[in-house]
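Here's the structure we're looking at; comments come further down.
Any read-out appearing in this document is the output of simple, stated calculations on the displayed coordinates, not a laboratory observation. None of these values were measured; they are calculated from a predicted model. With ideal geometry, Cβ positions are generated from the backbone for all residues, glycine too; neighbour counts draw on all protein chains shown.
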Amino acid sequence: MRKDLQDSLVSPVWGWFGQKSPFAFDIQYTPAEGIRRFLAGSPPIIGLQSLESALDLPLDAGMDAIRAKSVALTTFAIELFDQMLEPLGFTLGTPREPEWRGSHISIRHPDAYRINRALIEEMKVIPDFREPDNIRLGFAPLYTTLDEVWRGMDRIRQVVQEERYTSLSAIKPAVT
């Protein structure tokens with residue numbers, strides 16, 4: 001397609017891959033710029049078929065045990081948040097009541113994006129950033145330990161106390 005026409009035409013098939021900010025989860029669809037706006041769909045189902053055997057472990061463990069471990073992990077993370085991170089200017093973006101949360105917590109900070117980058121680049125912690133100021137921490141109950149939760153929260157504390165994030169850019173790429 002001619003480059004000069006790409007931004008003036010609209011694809012009749014909208015897809016996650018063709019959205020301007022696919023990880024913003026906006027209610028309104030805003031097409032990406034250029035030829036990317038014509039990408040359509042979601043991850044291909046046929047390729048995901050190979051993951052079927054990955055269901056064996058959760059089926060063997062049982063949902064009640066998995067949920068109990070999830071609650072234990074997130075409750076512990078919130079306790080650590082109260083001790084380690086709240087004094088450093090963080091606020092909790094997740095309900096404290098276990099029945100209102102899944103297997104992750106969201107912590108908020110004015111410099112969340114740069115802190116998130118420092119965690120990935122310097123501390124080998126892989127959180128998930130969400131606009132405007134959320135760092136989401138996911139806990140996989142089948143294999144995450146309480147010790148790993150403690151070490152992760154301690155690394156967040158360390159990034160902020162040592163100001164490791166201050167040298168990083170606040171400019172966000174398309175995928176954060």
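For the stretch 87-93, backbone phi angles converted through the Karplus equation (6.51, -1.76, 1.60; θ = phi - 60°) give residue-by-residue couplings of x, 9, x, 7, 10, 7, x Hz, Gly and Pro being listed as x. Within the stretch 29-54, which residues have the backbone N less than 11 Å from the label spot 7 Å out from VAL10 along Cα→beta-carbon, could you tell me? Residues passing the 11 Å test: 29-31.
Please order LEU119, LEU39, LEU88, LEU59 by the number of other Cβ within 10 Å, starting at the fewest. Don't jump to the answer; show the numbers that get you there.
On the way: LEU119 23, LEU39 17, LEU88 13, LEU59 8.
Listing LEU119, LEU39, LEU88, LEU59 from fewest to most nearby Cβ atoms yields LEU59, LEU88, LEU39, LEU119.
Using only the Cα atoms of the stretch 1-51, build the gyration tensor, take square roots of its eigenvalues as a ≥ b ≥ c, and label the shape rounded, prolate or oblate: rounded if a/c is under 1.5, else prolate if a/b is larger than b/c, else oblate. Here the stretch 1-51 falls in the oblate category. Here Rg/Rh (Cα atoms, Kirkwood Rh) was computed from the coordinates, and among [x] 0.94; [y] 1.01; [z] 1.04 the match is [z]. Of the residues LEU39, ILE27, ALA65, the one whose Cα sits farthest toward the positive end of the charge dipole of the chain, with +1 on the Cβ of Lys and Arg and -1 on the Cβ of Asp and Glu, is LEU39. For the stretch 1-52, the list of trypsin sites (Lys or Arg not before Pro) that fall in a loop by DSSP and count at most 10 other C-beta atoms within 10 angstrom reads ARG2.
For the stretch 11-76 and the stretch 112-176, compute the distance between their C-alpha centroids and round to whole Å. Each part's Cα centre sits 20 Å from the other's. Where does helix 63-80 land angle-wise versus the long Cα axis of the chain, in degrees 0 to 90, nearest 10? Here the helix axis deviates by roughly 70 degrees. Candidate cross-link partners of LYS69 among the aspartates and glutamates, defined by an alpha-carbon separation under 19 Å and a same-chain spacing of 8 or more, comprise ASP56, ASP60, GLU79, GLU97, GLU99, ASP147, GLU148. Bridging of LYS3 to lysines at a Cα separation below 24 Å is possible for LYS20, once same-chain residues fewer than 8 apart are set aside.
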